[in-house]
Structures are given as structure tokens and as C-alpha cells.
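**Q** Here's a structure for you.
The values are calculated or read from the model by the stated rules, or taken from the named source; none is laboratory data. What you see is a predicted model; the values in this text were computed from it and never measured. In this analysis, Cβ positions are derived from the backbone assuming ideal geometry, glycine residues included, and neighbour counts consider all displayed protein chains. Surface areas here come from the heavy atoms of the whole protein model, side chains and all, with no ligands, DNA or RNA. Shrake-Rupley method; radii C 1.70, N 1.55, O 1.52, S 1.80 Å.
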Amino acid sequence: MNKPVCNLIEQDGNIFNLMGIVGRTLRQNDLPEQAEEMSKRILGGEAESYDKAIQILMEYVEIV
């Protein structure tokens, strides 16, 4: 599966901000289920660190 491109360079690095940008990118690319899954994974405790949360984001989008 091709991941949508998401520009996170020079964005506010707050994880909630980044999740919002990634979620919006996924929804704009007709992937609302993935946006919800990504949020649940991060907020549900799978991301025990900031780095792990970024890794999860990278599973869903191509960060540029």
C-alpha cells in the first residue's frame, strides 16, 4: 500500500499537533479508518515514548 505524503517538517513537534496533521492527511486521502486506528494506538498506550509515537505515525504516512 502506498502511504500518503505528509509534511511534518518545521511543524510544532507536540505529539497531539502531529497526530492531528497525520489524521487530517489520512482523512483527505479517504483513509478515515486508519486515522482512527493511529489515534487509538498512540492514545491507548502502545506509544510508551515520544519516539514510539513518531514510529507509529510513520507507519501510516510518508513524512516529508
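**Q** Filter the chain for me: DSSP H helices, axial length by Cα at least 24 angstrom, mean Kyte-Doolittle hydropathy not below 1.6. List them by residue number.
**A** Helices meeting the criterion: none.
**Q** Highest first, please rank the peptides 22-28, 52-58 by the mean number of other Cβ atoms sitting within 10 Å of their residues.
**A** Ranking, from highest mean packing down: 22-28, 52-58.
**Q** I've got another one for you. Mind checking the dipole of the chain: about its Cα centre, +1 per Lys or Arg Cβ, -1 per Asp or Glu Cβ, Debye to the nearest 20?
**A** For this selection, approximately 80 debye.
**Q** Once phi is turned into θ = phi - 60°, what whole-Hz ³J(HN,Hα) does the Karplus curve with 6.51, -1.76 and 1.60 give for every residue of region 2-11, x standing for Gly and Pro?
**A** Whole-Hz 3J(HN,Hα) from phi for region 2-11: 7, 8, x, 7, 9, 8, 10, 5, 6, 8.
**Q** Next up: Report the Stokes-Einstein translational diffusion coefficient (µm² s⁻¹, integer) for the chain, Rh taken as the Kirkwood radius over Cα pairs, at 10 °C with viscosity 1.306 mPa s.
**A** Details: Rh = 11.5 Å.
Taking Rh from Cα pairs, D becomes 138 µm²/s.
**Q** What FRET efficiency, computed as 1/(1 + (r/R0)^6) with R0 = 30 Å and r the Cβ-Cβ distance, is obtained for E59 and I9, rounded to the nearest 0.05?
**A** Numbers: r = 18 Å, r/R0 = 0.61.
FRET efficiency, E59 to I9: 0.95.
**Q** For C6, what residues show an amide H to amide H distance below 5 Å, using hydrogens built from the backbone and excluding near sequence neighbours?
**A** Counting only residues 5 or more places away or on other chains, the set is E62, I63, V64.
**Q** If you roll a 1.4 Å probe over the chain with all protein chains in place, what percent of the accessible area is carbon or sulfur?
**A** 47
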